[in-house]
Amino acid sequence: MNFSLTEEARFFKDAAWLQHADDANGRKPFMKKGTEPKWCRDRFVDVQHIRLEIEPNFKTKSISGTSTLTVAPIYEDTDFLVLDACEMEIESVNADGRSVNFYHDGEKLTLQFGQKLEADRPLEIAIRYRATPRRGAYFVGPDHGYPDKHLEFWTQGQDEDSRYWFPCFDYPNEKATSEVIARVPKGMTSLSNGALVNTEDHGDYQLHHWKHDVPHVAYLIMLVIGNYVKISKEWDGIPVDYYVPPGREEDGERSFGPTPDMVRFFSQKTGVRYPYAKYAQITAEDFIFGGMENTSATLQTALTLHDATAHLDFSSDPLNSHELAHQWFGDYVTCRDWSHAWLNESFATYFEAMWCEESLGDDEFKYYLDGDWRVYLAEDKGSYRRAIQTNIYNEPLDLFDRHLYQKGAVILHHLRKLLGDRLWWKVINRYLTKHGGGSVITQDFAGAIEEVTGKNYDWFFSQWIYGGGHPEFKLKAHWDDKHGGLDFSILQKQKPDELTAVFRTPVTVRFVYQGGEEVRTFEISKPAHRYHVKLPSRPKWIAFDPGNSVPKTLETDYSEDMLIQQLQHDDDVMGRVYAARGLGAKATKKATEALAEALGKDKFWGVQAECAQALGKVHSSQALDALLKHSSIKHPKARRAVARALGEYHEGRAAARLQEYLESEESYYVTGEAALALGKTRQANAFDALCEVLARDSHVDVIRSSAFSGFCELRDPRALEIMREWTTYGRPQQARLSAIASLGRLAHEVGEEKDKTVARETIEPLLEGDFRTAMSAISGLQALADMKAAPALAKLARATHDSRIKKRAQGAIEAIRAAQGAVKEVKELREDYDKLKENYDKLAERLQKLEDLDKESKKKRPTESLKKTAKLTTKVKPAARKATPKKVKSKKKAKR
């Protein structure tokens, strides 16, 4: 399962990670003290097969059907069985054709057999039911606001929502084969797990019979019905199909075209051939996740479909490869219980990155993983820290966070580098072949490592999987002229506690000097290690952990010259990235020149983007000149970074270039970034320019959404009414969702009390909308920070059937309460900061001009300049020159 609606979530980060701070690092506990541990559910029967006959009714948005479970009792004294069956009406229950007494409380269905069942003897239990589901199954289609919306029925089982659309044992430790027999309106298409084995025509409808013969868990059973066009391909005799709405065939090929090659790559690398009858992908409108890895039939958000313009700098590959990887990790082998969900999600996220390595190369791969790591760091620093494997949670979806996905992926990469590729792939093959078709826990993966390598890796799992945090390295390097060597210190600055360890890891360091280099590997296991490294000469630069295989944060005391040398000459992309970030902190003229040069010349767009970001932080005329000079840089993702950096300058020159982007830039995403950045410049022309771009359509409405964010940065009250109009039902959906969230933010920033009231009264009714609308409304009310919104949020938290909405609503109430005491102070500080920043930029500009004039003057009249300086000096009396510093010094003492 993938939460990101688009791959661009990797580049457009949400500041929500940094809210709700409770300790010095901004962290709060992952779970409240006293949260009960969740243990794996017991199994009293072995569910061997699920036969589901179902009839969705598009008019009433209801379903009816029969769920037939073939089960074998595990114990000899079994005389009852409890199944999951939520919010449905149970009409009848039969066991082997005989009626069975049952009790249904709305969530659990208890069957009373009236006798003890024979252990291990299969029993067929048929349950006739009907439901109007609020979870698990969804009807989507045209209405008065969106008359062109695609008509669909689709299901979503993970985490435990299959119980809302058919009675079952809804937990990941129970696997069974399955078949789905669906009543499909004539002219529509269906998709389910496995192979389509039969189609029967019944006049105005058809019966589609799908059969899946490899055991899988209930949450992976799926059904989609709608009007779709099927695009058929194959890999090595296995059908690889895509289903898209009519008219989107080209977009479908663009979005899903590389899938057969992905199937090849994962099959060959794991040594386990794709294990199912077919692989299909289908899109869904209003899907509540990015994608869902239903066995042999992945369901994806329709937002992944994109046109040729979006394809300039957007790809569906991350989402596609993630969901495909789940067919092995999550479907073929499945976590036994949710506490081990990293065995599903961390693996899929890392294999997603390895597809990037396969298709785009090593530089893209390393930078992709660095993006994953930075997303995790934001959560670790701003929200909470937790162990990756933990059974302390409220709802399973609490675990589906940046620790589970991104951090886990980077840890797997670290493990791969420790083992080496040969042993890594041997471990993966052993793990899959030994446990294929079954359920797994973390110890199963650790056991595969030990079986293959002969080594005990308990220490690795203890610190990385069962513990939290990461090493926070600080490096010190001092050249010893007397003895001709380098004093090199590696410190771990993280504070050890019951969750976070002093980490054990080997680290490679590359020392590059004039005419050569030396590479050393150090075994790190203590808070501080100090080494004396004999080198022929002073190092020109030092690369710590070349390749970036150790998860970490890094602080260095390297000189400006060393960082410049590394930025210019390191053949490792992450070495150049770290150097660019370090030079951005230096912010000197020399550092700026080096960053400007790399922005124009570096061969990889990610390094160019890092240089642009660093120049954005420098805030000098020289840095702005460099950004403007390279604002037409070739790679659109690099141009995005330049546009973002230009937004850091409250200057007409920056605003003028950003407006040019809005008028002539081809990329949707560069244009969107320019709209946001233009708002940040606070220039007079920004409001009208942002109003104009609201007329432009784009992929996932990135331009309009960015314009709304730009209005928030601009802080122009005139935008409040514009945003309010865009919250109207019927406006383009993605733009509407952005407007809802942005309205609360802008009203909080600049609105008067009446504006805040209007914003709150506009947003509150939207809490009753669909999942995405409700989540946007929660964000808008949280940003509004008005305690009057708390009752509506509390009501939603009590009434909602969705755990994510409940958690977000409760979190919004906490954030609003916390903000009440700080709203005024924060606003004043922000205004003061903006004024200081503006004054600083003006002073820096004036200073640069004076320096330029002085240089020019000295070139033309050096002798005359020296004479004037001498005359001025003789006019100052010696006593006055001595008195001045004493007076200043005494003032400083008085202030202290």
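The values are calculated or read from the model by the stated rules, or taken from the named source; none is laboratory data. Only a predicted model underlies this, so the values are computations on that prediction, with no experimental measurement involved. When we count neighbours, we look across all protein chains shown, and the Cβ atoms used for this are built from the backbone with ideal geometry, even at glycine. Quick note on the areas: whole protein, heavy atoms, side chains included, nothing else; ligands and nucleic acids left out. Shrake-Rupley method; radii C 1.70, N 1.55, O 1.52, S 1.80 Å.
Considering only the stretch 250-260, state which residues are surrounded by 15 or more Cβ atoms within 10 Å (Cβ to Cβ), in contact (Cβ under 8 Å) with a residue 12 or more places away in the chain and not hydroxyl-bearing (Ser, Thr, Tyr). Passing the criteria: ASP251, GLY252, ARG254, PHE256, PRO258, PRO260.
Restricting to the stretch 203-219, name every residue that is among the small types (Gly, Ala, Ser) and open to solvent by 30 Å² or more (accessible area, probe 1.4 Å).
Scanning the stretch 203-219 gives a single hit, GLY203.
Taken as a whole, the condition of being in a loop (DSSP other than H, G, I, E, B) and in contact with a Lys or Arg (Cβ under 7 Å, 6 or more places away or on another chain) applies to TYR384. Here the condition is being free of Cβ contacts under 8 Å to residues at least 60 places away in the same chain and closer than 19 Å to ASP688 by Cα; of LEU781, LEU767, LEU714, it holds for LEU714 alone. LYS28 meets the conditions (1) within 37 Å of the chain's Cα centre (by Cα); (2) on the phi > 0 side of the Ramachandran plot; (3) open to solvent by 50 Å² or more (accessible area, probe 1.4 Å) in every case but one. The failed one is (2).
List the pairs whose first member sits in the stretch 562-588 and is in contact (Cβ under 8 Å) with a residue 12 or more places away in the chain and under 22 Å from SER549 (Cα atoms), whose second member is part of a loop (DSSP other than H, G, I, E, B) and open to solvent by 20 Å² or more (accessible area, probe 1.4 Å), and whose Cβ atoms are under 6 Å apart, counting only residues at least 6 apart or on separate chains? Pairs found: ASP572/PRO546; MET574/ASN548.
Can you tell me which residue within the stretch 593-617, out of those that are open to solvent by 10 Å² or more (accessible area, probe 1.4 Å) and under 20 Å from ARG653 (Cβ atoms), is farthest from the chain's Cα centre (by Cα)? That would be GLU593.
The single condition among (1) open to solvent by less than 20 Å² (accessible area, probe 1.4 Å); (2) at pLDDT 95 or above that LYS366 does not meet is (1).
Cβ-Cβ contacts under 6 Å between residues 6 or more apart (or on different chains), taken from a first residue in the stretch 476-502 that is closer than 20 Å to ILE542 by Cα to a second residue that is assigned to a loop (DSSP other than H, G, I, E, B) and among the basic types (Lys, Arg), are listed as TRP479/ARG538. Here ASP337 clears all of (1) out of contact with any strand residue (DSSP E or B) (no Cβ under 9 Å at 6 or more places or on another chain); (2) surrounded by fewer than 23 Cβ atoms within 10 Å (Cβ to Cβ) except the condition numbered (1). Note on the stretch 200-307: enclosed strands (runs of 3 or more DSSP E) holding 3 or more residues that are within 29 Å of VAL71 (Cβ to Cβ) and out of contact with any Leu (no Cβ under 9 Å at 6 or more places or on another chain) are 205-217.
The single condition among (1) surrounded by fewer than 22 Cβ atoms within 10 Å (Cβ to Cβ); (2) over 29 Å from GLU285 (Cα atoms) that ALA719 does not satisfy is (1).
Taking each residue of the stretch 132-145 that is over 13 Å from ILE288 (Cα atoms) and in contact (Cβ under 8 Å) with a residue 24 or more places away in the chain and looking for partners that are among the polar types (S, T, N, Q) and open to solvent by 40 Å² or more (accessible area, probe 1.4 Å) with beta-carbon atoms closer than 8 Å, six or more apart or interchain, yields THR132/THR60.
As a summary of the residue check, MET354 satisfies the conditions (1) over 16 Å from the mean Cα position of the chain (by Cα); (2) closer than 22 Å to VAL573 by Cα; (3) open to solvent by 10 Å² or more (accessible area, probe 1.4 Å) except for the one numbered (3).
Looking only at residues that are among the acidic types (Asp, Glu) and more than 23 Å from PRO246 (Cβ to Cβ) in the stretch 282-322, which one is surrounded by the most Cβ atoms within 10 Å (Cβ to Cβ)? The selected residue is GLU293. Sort out which residues of the stretch 488-532 are among the aliphatic types (A, V, I, L, M), in contact with an Asp or Glu (Cβ under 9 Å, 6 or more places away or on another chain) and farther than 28 Å from LYS381 by Cβ, and write them in order of number. Residue satisfying the conditions is VAL512 alone.
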